[in-house]
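The values are calculated or read from the model by the stated rules, or taken from the named source; none is laboratory data. Here the structure is a predicted model, which is why all the values come from computation and not from measurement. Backbone-built Cβ (ideal geometry, glycine too); neighbour counts: all protein chains shown. To get the accessible areas, we keep the full protein, side chains included, count just its heavy atoms, and leave off ligands, DNA and RNA. Shrake-Rupley method; radii C 1.70, N 1.55, O 1.52, S 1.80 Å.
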Amino acid sequence: MQNKKSIMPTHDKVLLIAGWLHEKKARNVTALDVSRVCSVTDVMVVATAGSVRQAQSLADHVLTRCGEHDIKFLGMDGYKSGQWVLVDLNDVIVHIFLEESRDFYNIEGLWSEGVAVFLPAAPPVVASDDDEEDE
């Protein structure tokens with residue numbers, strides 16, 4: 001039977017995924033190591049999207065980048081509605097929520113026995129000229 005995990009260590013994969021989500025301006029990206037309390041996956045990455053379109057774009061970007069890094073994925077759910085998109089990468093599951101859905105489902109609370117994974121801070125967002133005009 002072929003191993004469905006990629007050769008990349010899980011922690012490295014989580015850091016890559018978090019970076020990819022930051023590239024597309026996902027908010028509040030967190031990760032939980034649930035390997036001791038969950039038999040389905042090792043780490044859950046959770047991110048917030050500002051709209052259905054952004055949630056879909058984030059999922060597309062993660063899948064595209066996974067293909068570039070030969071990271072296999074098992075499936076995706078919730079893409080069409082975009083309220084909660086789940087991307088299953090076997091040892092890492094990515095949850096992309098709209099803010100209301102993230103608050104409602106409270107994945108971090110549900111898996112509170114997991115251990116937070118340190119993620120480097122998102123790169124600073126540089127204000128555009130349009131942002132300065134709004135002030």
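Odds and ends about this structure:
- Failed item, numbered, when S101 is tested on (1) under 18 Å from D12 (Cα atoms); (2) at pLDDT 90 or above: (1)
- Check on R36, under 18 Å from S81 (Cα atoms), open to solvent by 40 Å² or more (accessible area, probe 1.4 Å) and either assigned to a strand (DSSP E or B) or charged (D, E, K, R) (or both): no
- Candidate set from the range 65-91 (those that are over 24 Å from Y105 (Cβ atoms) and not in a loop (DSSP other than H, G, I, E, B)); member that is most open to solvent (accessible area, probe 1.4 Å): E68
- Scanning the range 32-74 for residues being of a type outside the set (D, E, K, R) and touching a Gly at 6+ places or on another chain (Cβ under 9 Å) gives a total of 15.
- Yes/no for V45 being at pLDDT 95 or above and either basic (K, R) or crowded, with 16+ Cβ neighbours inside 10 Å (or both): yes
- First in the range 44-71 and over 13 Å from I17 (Cβ atoms) and charged (D, E, K, R), second anywhere and modelled with pLDDT under 95 and in a helix (DSSP H, G or I), Cβ under 9 Å, 6 or more apart: none
- Candidates in the range 52-64 are the residues that are over 12 Å from S81 (Cβ atoms) and either among the polar types (S, T, N, Q) or at pLDDT below 95 (or both); of these, the one that is surrounded by the most Cβ atoms within 10 Å (Cβ to Cβ) is Q54.
- Within the set D70, D103, the sole residue that is closer than 16 Å to V52 by Cα, over 14 Å from the mean Cα position of the chain (by Cα) and of a type outside the set (G, A, S) turns out to be D103.
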